[in-house]
(Lines give C-alpha, C1' and ligand atoms only; values in the text may rest on other atoms or scores of the structure.)
Protein backbone atom coordinates (compact mmCIF):
# COMPACT_ATOMS: atom_id res chain seq x y z
CA UNK A 1 0.00 0.00 0.00
CA UNK A 2 0.93 3.62 -0.49
CA UNK A 3 0.55 5.19 2.96
CA UNK A 4 0.96 8.76 4.21
CA UNK A 5 1.76 9.39 7.88
CA UNK A 6 1.21 12.93 9.18
CA UNK A 7 3.18 13.51 12.37
CA UNK A 8 6.57 11.98 13.17
CA UNK A 9 6.72 11.89 16.95
CA UNK A 10 6.83 8.60 18.90
CA UNK A 11 3.72 7.07 17.31
CA UNK A 12 4.23 8.42 13.80
CA UNK A 13 7.90 7.46 13.57
CA UNK A 14 7.27 3.95 14.90
CA UNK A 15 4.26 3.46 12.61
CA UNK A 16 6.15 4.70 9.55
CA UNK A 17 9.22 2.57 10.31
CA UNK A 18 7.11 -0.55 10.88
CA UNK A 19 5.06 -0.11 7.69
CA UNK A 20 8.19 0.58 5.66
CA UNK A 21 9.87 -2.56 7.02
CA UNK A 22 6.80 -4.56 5.96
CA UNK A 23 7.26 -3.40 2.36
CA UNK A 24 4.71 -0.59 2.11
CA UNK A 25 5.46 2.67 0.33
CA UNK A 26 5.49 5.24 3.12
CA UNK A 27 5.69 9.03 3.16
CA UNK A 28 5.94 11.08 6.37
CA UNK A 29 5.05 14.74 6.95
CA UNK A 30 6.08 16.82 9.95
CA UNK A 31 6.63 20.54 10.47
CA UNK A 32 9.94 19.86 12.28
CA UNK A 33 12.55 18.19 10.04
CA UNK A 34 14.48 17.08 13.15
CA UNK A 35 11.61 14.70 13.98
CA UNK A 36 12.65 12.46 11.10
CA UNK A 37 15.73 11.47 13.13
CA UNK A 38 13.37 9.18 15.09
CA UNK A 39 12.79 7.00 12.01
CA UNK A 40 14.69 3.71 11.80
CA UNK A 41 18.03 3.85 10.01
CA UNK A 42 16.74 1.50 7.32
CA UNK A 43 13.57 3.53 6.67
CA UNK A 44 13.43 3.87 2.89
CA UNK A 45 10.34 6.06 2.60
CA UNK A 46 9.91 9.73 1.75
CA UNK A 47 9.95 12.61 4.23
CA UNK A 48 8.51 16.11 3.78
CA UNK A 49 8.84 18.96 6.27
CA UNK A 50 6.11 21.56 6.32
CA UNK A 51 2.74 22.56 7.73
CA UNK A 52 0.55 19.41 7.70
CA UNK A 53 -2.63 21.23 6.61
CA UNK A 54 -0.92 22.90 3.63
CA UNK A 55 -2.26 21.28 0.46
CA UNK A 56 1.02 21.79 -1.39
CA UNK A 57 2.93 20.06 1.41
CA UNK A 58 0.52 17.13 1.28
CA UNK A 59 0.81 16.96 -2.51
CA UNK A 60 4.60 16.90 -2.24
CA UNK A 61 4.21 13.95 0.12
CA UNK A 62 2.14 12.08 -2.46
CA UNK A 63 -1.35 12.36 -1.01
CA UNK A 64 -2.89 12.29 -4.50
CA UNK A 65 -1.70 8.72 -5.01
CA UNK A 66 -1.92 7.30 -1.50
CA UNK A 67 -4.26 4.49 -0.45
CA UNK A 68 -4.43 5.46 3.21
CA UNK A 69 -3.49 8.28 5.57
CA UNK A 70 -2.94 8.36 9.32
CA UNK A 71 -2.93 11.71 11.13
CA UNK A 72 -1.02 11.20 14.38
CA UNK A 73 0.21 14.67 15.36
CA UNK A 74 -0.13 15.73 19.04
CA UNK A 75 -2.88 18.21 18.05
CA UNK A 76 -6.46 16.90 17.64
CA UNK A 77 -7.44 20.00 15.64
CA UNK A 78 -4.62 19.51 13.15
CA UNK A 79 -5.50 15.84 12.85
CA UNK A 80 -9.15 16.45 12.01
CA UNK A 81 -8.26 19.13 9.45
CA UNK A 82 -5.75 16.81 7.78
CA UNK A 83 -8.37 14.05 7.63
CA UNK A 84 -11.03 16.37 6.19
CA UNK A 85 -8.63 17.54 3.49
CA UNK A 86 -7.70 13.93 2.71
CA UNK A 87 -11.33 12.80 2.42
CA UNK A 88 -12.96 15.80 0.77
CA UNK A 89 -10.26 17.16 -1.52
CA UNK A 90 -8.12 14.15 -2.34
CA UNK A 91 -10.64 11.33 -1.78
CA UNK A 92 -8.19 9.10 0.06
CA UNK A 93 -9.93 5.69 0.55
CA UNK A 94 -8.81 5.05 4.13
CA UNK A 95 -8.46 7.88 6.65
CA UNK A 96 -7.57 7.34 10.30
CA UNK A 97 -6.56 9.65 13.11
CA UNK A 98 -5.21 9.40 16.62
CA UNK A 99 -7.04 11.61 19.13
CA UNK A 100 -6.33 12.51 22.73
CA UNK A 101 -9.72 13.90 23.82
CA UNK A 102 -12.34 11.11 24.09
CA UNK A 103 -15.12 13.72 23.92
CA UNK A 104 -14.15 14.42 20.31
CA UNK A 105 -14.49 10.84 19.14
CA UNK A 106 -18.14 11.29 18.12
CA UNK A 107 -17.29 14.51 16.25
CA UNK A 108 -14.67 12.71 14.19
CA UNK A 109 -17.08 9.83 13.55
CA UNK A 110 -19.68 12.30 12.21
CA UNK A 111 -17.18 13.20 9.50
CA UNK A 112 -16.72 9.52 8.64
CA UNK A 113 -13.22 9.44 10.11
CA UNK A 114 -11.98 6.35 11.95
CA UNK A 115 -10.26 7.11 15.24
CA UNK A 116 -7.91 5.57 17.77
CA UNK A 117 -8.19 7.28 21.15
CA UNK A 118 -4.96 6.82 23.09
CA UNK A 119 -6.63 8.10 26.25
CA UNK A 120 -9.35 5.44 26.15
CA UNK A 121 -6.83 2.72 25.31
CA UNK A 122 -4.66 3.72 28.26
CA UNK A 123 -7.62 3.89 30.65
CA UNK A 124 -8.83 0.44 29.56
CA UNK A 125 -5.35 -1.05 29.89
CA UNK A 126 -4.82 0.41 33.37
CA UNK A 127 -8.32 -0.61 34.47
CA UNK A 128 -7.70 -4.13 33.22
CA UNK A 129 -4.42 -4.33 35.13
CA UNK A 130 -5.98 -2.97 38.32
CA UNK A 131 -9.19 -4.98 38.55
CA UNK A 132 -8.32 -8.08 36.54
CA UNK A 133 -10.34 -7.34 33.42
CA UNK A 134 -12.30 -4.59 31.76
CA UNK A 135 -16.00 -5.44 31.62
CA UNK A 136 -16.40 -3.67 28.29
CA UNK A 137 -14.00 -2.29 25.70
CA UNK A 138 -14.55 -0.64 22.34
CA UNK A 139 -12.66 -0.67 19.06
CA UNK A 140 -13.36 1.33 15.90
CA UNK A 141 -12.85 -0.55 12.62
CA UNK A 142 -13.74 1.31 9.47
CA UNK A 143 -16.90 3.28 10.22
CA UNK A 144 -18.21 0.87 12.86
CA UNK A 145 -17.54 0.52 16.58
CA UNK A 146 -17.25 -2.95 18.07
CA UNK A 147 -17.96 -3.50 21.76
CA UNK A 148 -16.23 -6.38 23.56
CA UNK A 149 -17.76 -7.57 26.81
CA UNK A 150 -16.30 -10.14 29.19
CA UNK A 151 -18.31 -12.40 31.51
CA UNK A 152 -17.46 -15.41 33.71
CA UNK A 153 -18.32 -18.78 32.20
CA UNK A 154 -21.82 -19.78 33.42
CA UNK A 155 -21.81 -22.99 35.47
CA UNK A 156 -24.02 -24.67 32.87
CA UNK A 157 -21.32 -24.08 30.21
CA UNK A 158 -18.44 -25.72 32.10
CA UNK A 159 -17.30 -28.88 30.29
CA UNK A 160 -18.97 -27.89 27.02
CA UNK A 161 -17.15 -27.22 23.75
CA UNK A 162 -17.31 -23.80 22.11
CA UNK A 163 -18.98 -25.21 19.01
CA UNK A 164 -21.88 -26.45 21.13
CA UNK A 165 -22.78 -22.93 22.28
CA UNK A 166 -25.40 -20.88 20.47
CA UNK A 167 -24.61 -17.38 19.19
CA UNK A 168 -27.06 -14.53 19.56
CA UNK A 169 -28.00 -12.77 16.29
CA UNK A 170 -26.85 -9.43 17.76
CA UNK A 171 -23.75 -10.69 19.58
CA UNK A 172 -21.16 -13.35 18.84
CA UNK A 173 -18.65 -15.23 20.96
CA UNK A 174 -15.24 -13.84 20.04
CA UNK A 175 -12.82 -15.60 22.37
CA UNK A 176 -12.21 -17.28 25.71
CA UNK A 177 -9.94 -15.63 28.27
CA UNK A 178 -8.08 -18.08 30.49
CA UNK A 179 -7.06 -17.60 34.10
CA UNK A 180 -3.57 -16.52 32.99
CA UNK A 181 -5.26 -13.88 30.75
CA UNK A 182 -4.27 -15.58 27.48
CA UNK A 183 -6.93 -15.88 24.77
CA UNK A 184 -8.36 -18.81 22.84
CA UNK A 185 -10.24 -17.69 19.72
CA UNK A 186 -13.80 -18.95 19.40
CA UNK A 187 -12.90 -20.38 15.98
CA UNK A 188 -11.32 -23.27 17.90
CA UNK A 189 -14.68 -24.95 18.41
CA UNK A 190 -13.25 -28.08 20.04
CA UNK A 191 -12.01 -26.18 23.10
CA UNK A 192 -13.68 -27.37 26.33
CA UNK A 193 -14.67 -24.58 28.72
CA UNK A 194 -13.20 -24.51 32.23
CA UNK A 195 -14.74 -22.98 35.36
CA UNK A 196 -11.97 -20.37 35.55
CA UNK A 197 -12.46 -19.16 31.96
CA UNK A 198 -14.19 -15.99 30.87
CA UNK A 199 -16.19 -15.49 27.67
CA UNK A 200 -15.46 -12.51 25.43
CA UNK A 201 -18.41 -11.43 23.29
CA UNK A 202 -18.38 -8.92 20.43
CA UNK A 203 -21.14 -6.84 18.88
CA UNK A 204 -21.40 -3.83 16.58
CA UNK A 205 -22.87 -0.88 18.46
CA UNK A 206 -23.00 1.72 15.64
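The values are calculated or read from the model by the stated rules, or taken from the named source; none is laboratory data. Computed from a prediction, not measured in an experiment: that's the story for all the values here. Quick reminder, even Gly has a Cβ in these numbers, built from the backbone with ideal geometry, and neighbours come from all protein chains shown.
Among the residues here, residue 53 qualifies as surrounded by fewer than 22 Cβ atoms within 10 Å (Cβ to Cβ), modelled with pLDDT of 90 or more, under 27 Å from residue 109 (Cα atoms) and assigned by TED's automatic domain parsing to the domain that holds residue 112.
The set of residues from the range 156-167 being at pLDDT below 90 and in contact with a strand residue (DSSP E or B) (Cβ under 8 Å, 6 or more places away or on another chain) comprises 162, 165, 167.
Reported count of residues in the range 162-185, each being outside any strand (DSSP E or B) and more than 15 Å from residue 205 (Cα to Cα), is 11. If the condition is being part of a loop (DSSP other than H, G, I, E, B) and surrounded by 17 or more Cβ atoms within 10 Å (Cβ to Cβ), then the range 1-30 contributes 7, 8. Every listed requirement among (1) part of a loop (DSSP other than H, G, I, E, B); (2) within 23 Å of the chain's Cα centre (by Cα); (3) without any contact (Cβ under 8 Å) to a residue 24 or more places away in the chain is met by residue 77 save one, (1).
Here residue 104 meets the list (1) at pLDDT below 95; (2) touching a strand residue (DSSP E or B) at 6+ places or on another chain (Cβ under 6 Å) almost entirely, failing just condition (2). Considering the conditions (1) loosely packed, with under 10 Cβ neighbours inside 10 Å; (2) modelled with pLDDT under 75, residue 182 is excluded by exactly one of them, (2).
If you filter the range 90-104 down to residues that are out of contact with any helix residue (DSSP H, G or I) (no Cβ under 7 Å at 6 or more places or on another chain) and in contact (Cβ under 8 Å) with a residue 24 or more places away in the chain, you find that the one that is surrounded by the most Cβ atoms within 10 Å (Cβ to Cβ) is 96.
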